[in-house]
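Read the structure below first, then the notes.
Nothing in this text is a laboratory measurement; each read-out follows from the coordinates by a stated rule. The structure presented is a predicted model; accordingly, all values stated were derived computationally and were not measured. Glycine also receives a Cβ, built like all others from the backbone with ideal geometry; neighbour counts cover every protein chain displayed.
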Amino acid sequence: MTASTPTQTISEKILSAKSGRTARAGDVVVCDVDLVLGTDASAPMAIGYFERMGGTRVHDASRVVFALDHYSPPSSAATKGFHDQVRAFAEKQGVRVYEIGEGISHQIAVERGLAHPGMLIVGADSHTVTCGAVNAFATGVGSSDLAAAMLTGQLWFRAPQTIRVALVGSRAAGVAAKDVALAMVSLLGSGGAEYHALEFTGPSVQDFSLDDRLVLSNLAVEAGAKAAVWEADAVLETHLARFADRGDAVSADQGALYVRDVVLDLSPLVPTVALPHLPENVVPISRAPETPIHMVFLGTCTGGRVADYHEALAVLERGGGKLAKGVHLVVTPASSEVERELAADGTLVKLARMGATITMPGCGACCGTSGVVPSDGMNVISTANRNFKARMGNATASIYLASPAACAAAALTGRLTDPRLFA
Amino acid sequence: MTSHRGRARRLGDDINTDYIIASTRKKETLDEKILKQYLLEAVDPGFAASVRAGDVLVAGANFGCGSAMEVAATVVLAAGIQIVLAKSFARSFYRNAINNGLLPIECDTSDILEGDTISVESDTSGTTVVDERTGRRELRPPLGGIAGEILAAGGLVPYLKRERRFVSTT
Ligand code: SF4
């Protein structure tokens, strides 16, 4: 280990190890980056920067990965062209490309074990923070920083102050990780964690599966967080067991300095929905205004994993399995591995029989770049992370964010519905 | 020392990068000269057409939140805007701005109104922002460290062309 004095947070420790000096909150450090993630939405521009920087060779191709996820499949000449450009660059440089249909970049990084404890991960996608669930420091950057990391193998960081989020109490039945994550965003506020890292701790962390942790880390960026790191524990060990490289777990020191302590009590939480057009507009579904729903989207790097579809399917089946008239149910698994599992256990065929449109894995309808675009004035309920106006490609549509179970409940009734109705 | 005078273009809080330029526009081209006609269309469809070179974007808190897409910075520059004032910035936008030579200034923007003349003067002691209508003046410390070096070089491309790597300044 490199210089690391006691009393550091997880983020400070990782940035110290990667910079070779003791990094304290506020220090600017140049770090070796372990994993560099690009997507079809960010790599084309990064390749342009790379070339303008005078780059000819990627510093270490084994640390760089591209995922063709946002335009999966490409629906225009331009997006097809971006893919060709990324493939050509990757082939020349020896960089691994995850093809269309293989999944969302940070989902791939976690489920294929590219991301592991102690790593410093940068991705040209804001939701790269999701990888914090595996005890890594993972953060989103733009295309120019991605290019710099490809070219030099390094990037500069200001070591962030850390907000410690203590999870206490126990979740009532029907309260999903998404509800906890929305409560966190609403508690911190849209820019409430700007420039800060989050560190999750507390007696209830053990009740959060790896998938649950991915949801909280994912939504952390909606509060502006730079990283959202979980401790290494038995839950993480179970996930890592199938991979050869399990990294080096990093824990915070006793007495590490936190800029703020936030206690998130799970006990009073209920199923919630984020109303348009900000993820922080969170209200209990039971108190939300009566709202007709026209489209239900089950997918994305927040809510497109196996457990999410199981939860949604359970609600749909308990409610009779018949979609409300006029509701369009769209299913886009986060990755081909998720899709494979759902195909094997019969989930996909059951959803298809109910009338769901099942699309190729990837980002799908999340940001309007692939898949189904809502029509004018439509209300969409989605398992995604952002409900900004026009996010799904139509500025007149309204997006509601909720758990997979709540999305499924709305699919049955055609309006915002507390999923506990189908418990 | 550099100085700039321009017209304030007033925006609110939480202007996310999808509002600055929609992902659905970026999907069709990365050419900022084309994309600039859709600048901030989700906020005001007439905005792009009303921009004059030299305008200063003036936002509330959390400007540039959401997606880390870099066109959100380059499209602002392509529209002829070189300075963004905000109460606070999302970090990915902040980095992207600096990396492209767009100057992000964190300052109190509460009293600035649409159309105010804003003057911005920078030297080694910092950056002074003046709203000429109210006379309100705020001095911001200079951007230190590597970020300052990158901005001084004109962006990350010229910086790395010169240095070949990130040079620790401390
Ligand atoms: S699923 Fe949505 S939020 Fe996640 S990476 Fe794709 S576009 Fe971004």
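What list do you get for A:341, A:111, B:114 if you sort them by fewest beta carbons within 10 Å?
Working: A:341 17, A:111 21, B:114 10.
Exposure proxy ranking, most exposed first: B:114, A:341, A:111.
Tell me the mean residue ellipticity at 222 nm calculated for the protein assembly as shown from its helices only (DSSP H runs of n ≥ 4, each -39500 (n - 2.57), averaged over every residue, nearest 500). Provide the component values of the computation, followed by the final result.
On the way: 21 runs with 178 residues, N = 593.
Computed ellipticity for the protein assembly as shown at 222 nm equals -8500 deg cm²/dmol.
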Given A:252-260, B:157-165, A:177-185, the highest-first ranking by average Cβ count within 10 Å works out to A:177-185, B:157-165, A:252-260
Added length on full extension, which subtracts the Cα-Cα distance from 0.36 nm per residue, residue A:317 to residue A:76 | 83.1 nm
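If you count, for every residue in A:384-395, the Cβ atoms of partner chains within 10 Å of its Cβ, what is the mean? Working shown, then result.
Working: counts 0, 1, 5, 0, 12, 6, 9, 9, 2, 5, 1, 7.
Per-residue shielding by partner chains comes out at 5.
Ignore the peptide's own chain and count Cβ atoms of other chains within 10 Å of each Cβ in B:15-27; give me the average, rounded. Write down the numbers at each step before the final one.
Working: counts 1, 9, 3, 7, 6, 0, 0, 9, 12, 10, 3, 8, 15.
Per residue, the average neighbour count from other chains is 6.
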Cross-link list A:18/A:226; A:226/B:33; A:13/A:226; A:178/A:325: which exceed 19 angstrom alpha carbon to alpha carbon?
-> A:226/B:33; A:178/A:325
With axes computed from alpha carbons, what is the tilt in degrees of helix A:10-19 against the longest principal axis of chain A, rounded to the nearest 10 within 0 to 90?
-> 40 degrees
Considering the zone a paramagnetic label at residue A:423 would reach in this model (a point 7 Å from Cα along the Cα-to-Cβ line), which residues of the range A:172-204 have amide N under 14 Å from it?
-> A:172-176
So how far, in whole Å, is the C-alpha centre of the range A:270-305 from the one of the range A:317-353?
-> 19 Å
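Taking all pairs of different Cα atoms in the range B:2-141, averaging 1/r and flipping that mean, what Kirkwood radius in angstroms comes out? Numbers along the way, then the final one.
Details: mean 1/r = 0.0676 Å⁻¹.
Result for the range B:2-141, one decimal place: 14.8 Å.
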Cut-off 18 Å (backbone N to label point 7 Å along Cα→Cβ of residue A:62), residues of the range A:10-35 | A:32-35
Taking the Cα-to-Cβ direction at residue A:243 and at residue A:415 and moving 7 Å from each Cα, how far apart do the two end points lie in nm?
-> 4.6 nm
Pairwise centroid distance, computed over Cα atoms, of the range A:92-119 with the range B:115-170, Å = 36 Å
Rank B:125, B:43, B:101 by how far each Cα sits towards the positive end of the charge dipole of the range B:2-141 (+1 on Lys, Arg Cβ; -1 on Asp, Glu Cβ) and give me just the farthest.
-> B:101
Inter-site label distance for residue A:396 and residue B:29 at 7 Å from Cα along Cβ, in nm = 2.6 nm
Do you know the relative contact order of chain A, to the nearest whole percent, from alpha carbon pairs under 8 angstrom that are 6+ apart?
-> 18 percent
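Where does each of A:389, A:226 land when they are ranked from fewest to most other beta-carbon atoms within 10 angstrom? List each step's numbers first, then the result.
On the way: A:389 20, A:226 28.
Fewest to most other Cβ atoms nearby, the residues stand as A:389, A:226.
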Enumerate the lysines that residue B:161 could reach by cross-link, defined here as Cα to Cα under 23 Å, with residues fewer than 8 away along the same chain left out.
-> A:92
Starting from the range A:317-380, pick out the trypsin sites (Lys or Arg not before Pro) whose DSSP state is loop and whose Cβ has at most 12 other Cβ atoms within 10 Å.
-> A:322, A:325
Alpha-carbon Debye profile of the protein assembly as shown, log10 I(q)/I(0) at 0.09, 0.10, 0.13 Å⁻¹ = -0.65, -0.81, -1.42
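Could you put B:32, A:317, A:194, B:70 in order, starting from the residue whose Cβ has the fewest other Cβ atoms within 10 Å? Please list the in-between numbers first.
Numbers: B:32 18, A:317 13, A:194 21, B:70 31.
Listing B:32, A:317, A:194, B:70 from fewest to most nearby Cβ atoms yields A:317, B:32, A:194, B:70.
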Given the protein assembly as shown, what percent of its DSSP beta bridges are antiparallel, to the nearest 5?
-> 35 percent
For residue B:167 and residue B:108, what is the calculated FRET efficiency with R₀ set at 35 Å and r taken between the beta-carbons, to the nearest 0.05?
-> 0.60
